[in-house]
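Enquirer: Sharing a structure below in structure tokens format, with a few things to ask.
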Ligand code: HEM
């Protein structure tokens, strides 16, 4: 660290008050969108001290990139993630990196997210897309995007990961239980995010008030996961899916299987980490696509030119992928993460002592005008064209996190999102009533429920 450049006093949120600190300018409903707005005036690094808590935000692209360097920084569990441990203890997502169970799970699950594995899952994803298109074809021309994307992404994990139709499309025996599961999961995510953002005293009171509801939800989530595991144990398959990896595969390093008491947490993790985030991405994408007739036509032409929806065709749908990347840039479902300094660091001219955590506000850093240009806040999928990316080597774009704890499911998410957008656009024209996108924050950031108008197209691309 170069000490000569060190400045004193990280900028802070205006209106600091004695004892309570930077209590002003907090938005409890949309805290991170509020921080993004504050960052525009406070600069790439600023702090908030609230009643003994100290938050430092890296909101500029270059500083966020600096915090991504694994040699000097490491991942730290973020408040809401710690809360998730209540019902997903020691899972791939919630375990500390130092926990041997994290390494074991990471090694066991890595083969489930390779390109080869994605080819295997593709038919289950197509089955999910078929069901969605069939449902929309029989409807009244107005669709509830939130409900459809929650069910589609839940089914993608259920069918591809656990070999199980969750019954979220059409009527099957599982449907009611699965719907109750996803409702409980959404409620838990809301409460978890809320608990993580409360002031210490108020947090304890709210937690106590909510405890009976939380216990009810956790019982339901656990029961749902245990049923899936028990069913596979009673009816074994030779599928190479997530569930069989959990049950049968030994860690190549230690030779051990995952402990039986850990299976439930791992299964819930894939449903929680995978479905909610991908649904958020799809909802943002459908909003932008529906709002832009020309983009929609270009997307449709590109999809049609691929001549179908098999694995190879879908991976080559370039413009759909640019749209998804641009949505991840503007509205990353995981809007930020904590990084801890491994040793004293100089961040933007300020000393960050070893052990201090910094919140990388990806939501702001991925819109930094200094690295993405003056139109950084605008939706422009063509900025992901290879030529333009090459001309912008300093860009910060980390919607999947960084380092060994980054998202294991990114290929899975991208594959199913590309396929679903392609299938929807080849069968339907989308229009919106022009309402702006409203983004909620419940752990992930996700559009508030909205509807779209759809019109069935004739001469859809052959499936
Ligand atoms: C658009 C969709 C997705 C986004 C934006 C996303 C984003 C992320 C991010 C940012 C992290 C790192 C969080 C941190 O450092 O605290 C993460 C971790 C993780 N994600 Fe995703 N994710 C998505 C989809 C998925 C899917 C589909 C799955 C599984 C099927 C999945 C499973 C996981 C798991 C298990 C981890 C923890 C990895 C570890 O700590 O070793 N994610 N994700």
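Enquirer: Under 8 Å for C-alpha pairs, at least 6 residues apart: give me the relative contact order for segment 139-274, rounded to a whole percent.
Expert: 25 percent
Enquirer: If you scale each eigenvalue of the Cα gyration tensor by 5 and take the root, what three semi-axes come out for segment 376-463, rounded to whole angstrom and sorted largest first?
Expert: 28, 19, 17
Enquirer: Right, something else. So between residue 219 and residue 106, what do we pick up on full extension, going 0.36 nm a residue minus the alpha carbon distance?
Expert: Roughly 38.0 nm would be gained on extension.
Enquirer: Continuing with this model, one more query. Using only Cα positions of segment 234-350, each an equal point scatterer, no hydration layer, compute I(q)/I(0) via Debye at q = 0.11, 0.12, 0.22 Å⁻¹ and quote the log10 values to two decimals.
Expert: Ignoring solvent entirely, the Cα scatterers give -0.70, -0.79, -1.17.
Enquirer: Please report, in Å, the Rg and the Dmax of segment 1-142, where both are computed over Cα atoms only.
Expert: 22.3, 68
Enquirer: What distance in nm separates the simple spin-label points at residue 312 and residue 12, each placed 7 Å from Cα in the Cβ direction?
Expert: 6.2 nm
Enquirer: Let me ask another. On average, how much area does the Cα convex hull of the chain cover when viewed from any direction, in nm²?
Expert: 23.2 nm²
Enquirer: With all distinct Cα pairs included, what does the Kirkwood hydrodynamic radius of segment 278-321 come out to in Å, to one decimal, could you say?
Expert: It is 11.1 Å.
Enquirer: Same structure again: Using only C-alpha atoms and all pairs of different ones, pull out the Kirkwood radius for segment 330-409 in Å with one decimal.
Expert: After inverting the pairwise mean of 1/r, the radius is 14.3 Å.
Enquirer: Give me the percent relative contact order of the chain, please, defined on Cα pairs under 8 angstrom at least 6 residues apart.
Expert: The value is 26 percent.
Enquirer: Could I ask something else about it? Report the equivalent ellipsoid semi-axes for segment 327-366 in whole Å, largest first, defined as the square roots of five times the eigenvalues of the gyration tensor built from alpha carbon atoms.
Expert: Those come to 24, 11, 5 Å.
Enquirer: Run the simple label-point estimate for residue 123 and residue 250 please: 7 Å along Cα→C-beta, distance reported in nm.
Expert: Here the modelled spin labels are 3.1 nm apart.
Enquirer: Please give the FRET efficiency for residue 140 paired with residue 304, using the beta carbon to beta carbon distance and R0 = 30 Å, rounded to the nearest 0.05.
Expert: The calculated FRET efficiency here is 0.70.
Computed from the coordinates by the stated procedures, all read-outs in this text should not be read as laboratory data. All figures in this text were calculated on a predicted structure; none of them were measured in a lab. Using ideal geometry, Cβ is built from the backbone for each residue, glycine included, and neighbour counts are taken over all protein chains shown.
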